[in-house]
Amino acid sequence: MAENPLPGDLGERFTRLAEVIGVLRERCPWTRALTHESLLEYLVEETYELVEAVEGGTAGPARAAELRGELGDVLLQVLLHARLQQEAGSFSVADVVDALTAKMIRRNPHVFSPDGSLREDSGESGIAAIEQAWDRAKKAESPARTSAFEGIPAGLPALLLAAKTISRARRADRPLPPLRPAPDAEFSNETELGDVLFSLVRRASEQGLDAEAALRAAVRRYTADDAGR
């Protein structure tokens, strides 16, 4: 099914890792003191370090090694959160894995049958059709949601939040934010600035550009120029 099959002992490796986390929770005072709330800063930090590893390097062994390490750090956060819930008698990381597997099968009917087997008629589907099927599955999972924008984390970085909102609006056939030109003079207030930025993110998305990544790259170029002086 895959050109690079997973190792046959993957389950044993994953189980061993989960066991190591459990031992640390029992015997390491620092790890034992962790809570969902105290872990959040590490989750955010490790996620952004992964973003930097993806955006900041060129393909090769060094980048692969960095990605491997950063992915491990993010996985650690998932395992720690799951372990806390296991200790509370709620669920374990095995339940997280099962739920995610079921969701991937349910939300990708162009690839999987409901029982998880591969569809015999699985062919190339258009991106729009795939997104519509995904959205239908999400709606069926949360029928109480009435807004196309529910579930978008309010704490996302502003440009990413704007892009996500525009994407949801477009897929739900909602009106998009109006296109606004930047003023020739100074902005009169933050409302005007916000409207122009929102419009700029819309323009970027329509051209297939990532405004958040673009601004991060611009900042990296600026700071790199300063470091070279």
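The values are calculated or read from the model by the stated rules, or taken from the named source; none is laboratory data. As the structure is a prediction and not an experimental result, all values here were calculated from the model. All Cβ positions, glycine included, derive from the backbone under ideal geometry; neighbour counts span all protein chains shown. Please note that ligands, DNA and RNA were not included when accessible areas were found on the heavy atoms of the full protein model with its side chains. Shrake-Rupley method; radii C 1.70, N 1.55, O 1.52, S 1.80 Å.
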Any pair with Cβ under 9 angstrom, 6 or more apart, that starts in region 6-29 at a residue that is charged (D, E, K, R) and ends at one that is open to solvent by 60 Å² or more (accessible area, probe 1.4 Å) and modelled with pLDDT of 95 or more:
25/32; 25/87; 26/32
Of the residues that make up region 4-24, is at least one modelled with pLDDT of 95 or more and touching an Asp or Glu at 6+ places or on another chain (Cβ under 8 Å)?
no
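Condition check ((1) at pLDDT below 90; (2) among the acidic types (Asp, Glu); (3) out of contact with any Leu (no Cβ under 9 Å at 6 or more places or on another chain); (4) farther than 23 Å from residue 214 by Cβ) across all residues:
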{"site": "130", "(1), (2), (3), (4)": "yes, no, yes, yes"}
{"site": "144", "(1), (2), (3), (4)": "yes, no, yes, yes"}
{"site": "159", "(1), (2), (3), (4)": "no, no, no, no"}
{"site": "164", "(1), (2), (3), (4)": "no, no, no, no"}
{"site": "178", "(1), (2), (3), (4)": "no, no, yes, no"}
{"site": "187", "(1), (2), (3), (4)": "no, no, no, no"}
{"site": "191", "(1), (2), (3), (4)": "no, no, yes, yes"}
{"site": "194", "(1), (2), (3), (4)": "no, no, yes, no"}
{"site": "198", "(1), (2), (3), (4)": "no, no, yes, no"}
As an exercise: evaluate residue 120 against (1) open to solvent by less than 50 Å² (accessible area, probe 1.4 Å); (2) in a loop (DSSP other than H, G, I, E, B) and give the number of the one condition it does not meet.
(1)
Only one of (1) surrounded by fewer than 13 Cβ atoms within 10 Å (Cβ to Cβ); (2) closer than 17 Å to residue 34 by Cβ fails for residue 99. Which number is that?
(2)
Which one of 87, 70 is of a type in the set (D, E, K, R), open to solvent by less than 70 Å² (accessible area, probe 1.4 Å) and touching a residue at least 12 places away in the same chain (Cβ under 8 Å)?
70
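Here is a yes/no grid of residues against (1) charged (D, E, K, R); (2) open to solvent by 80 Å² or more (accessible area, probe 1.4 Å); (3) within 30 Å of residue 137 (Cβ to Cβ); (4) in a loop (DSSP other than H, G, I, E, B):
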{"residue": "18", "(1), (2), (3), (4)": "no, no, yes, no"}
{"residue": "50", "(1), (2), (3), (4)": "no, no, yes, no"}
{"residue": "63", "(1), (2), (3), (4)": "yes, no, no, no"}
{"residue": "110", "(1), (2), (3), (4)": "no, no, yes, yes"}
For residue 106, work out the one condition from (1) more than 18 Å from the chain's Cα centre (by Cα); (2) free of Cβ contacts under 8 Å to residues at least 24 places away in the same chain it doesn't fulfil.
(2)
If I go through region 40-63 residue by residue, how many of them are within 19 Å of residue 76 (Cβ to Cβ) and out of contact with any Asp or Glu (no Cβ under 6 Å at 6 or more places or on another chain)?
11
